[in-house]
Amino acid sequence: MTTHWDLMRELASMQDRMNRLWGNLGDRRDDVTSRGAWVPPVDIYETDAKEIVLKAELPGLRREDIDLTVENNTLTVRGERREDDGVREDRYHRRERVHGIFSRSFTLPNTVDGAHVKAEYRDGVLTVKLPLREEAKPRQIPVEAQG
């Protein structure tokens, strides 16, 4: 399974690079265009409990600002980080935090049970747990002794 997971990791890395190159080109707003698109960083790993976990850094968002969907073996995280209210543009000395709409999609292996996905948002980190289907989990086969 190590080889399969390495291939999945490389495919995910390629998809991430393409998302960064081409993502949201047709869906940018003027305030995002001037500072570049926001692409929240994501970690994806598999646990000993046989589930895939995705963690996305989404500081400054409220739960209501996050949209999470699983459809056709694709997990999509969308949201919007809003600008600070009450601060006029001419009052800024420096602006490094990017605001705006983002969308990240990840192709899931067929072994993920999309009906039992769980998500939690705490301290600016979205954690999505994607359990593997029972038939995808290794199981012990008893060996019977003959004679």
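The loop-placed trypsin sites (Lys or Arg not before Pro) in region 36-142, going by DSSP, that have at most 15 neighbouring Cβ atoms within 10 Å of their Cβ come out as Lys50, Arg62, Arg82, Arg88, Arg94, Arg95, Arg97, Arg133, Arg139.
Each of His93, His116, His99 was scored by other Cβ atoms within 10 Å of its Cβ. Arranged with the fewest first, they read His93, His116, His99. Mean separation of Cα pairs under 8 Å and 6+ residues apart, divided by the residue count of region 43-147: what relative contact order is that in percent? Computed over region 43-147, the figure is 31 percent.
Counting other Cβ atoms within 10 Å of each Cβ, which chymotrypsin sites (Phe, Trp or Tyr not before Pro) in region 57-138 have at most 10 and sit in a DSSP loop? Those satisfying the criteria are Tyr92.
Given Cα positions, please report Rg to Rh for region 32-89, the hydrodynamic radius being the Kirkwood one. Could the numbers behind the result be given before it?
On the way: Rg = 15.0 Å, Rh = 14.0 Å.
Rounded to two decimals, Rg over Rh is 1.07.
Read-outs throughout are calculated quantities, based only on the coordinates presented, and are distinct from any laboratory measurement. Predicted, not measured: the structure shown is a model, and the values here were computed from it. Cβ sites come from the backbone with ideal geometry, for glycine too, and all protein chains shown count toward neighbours.
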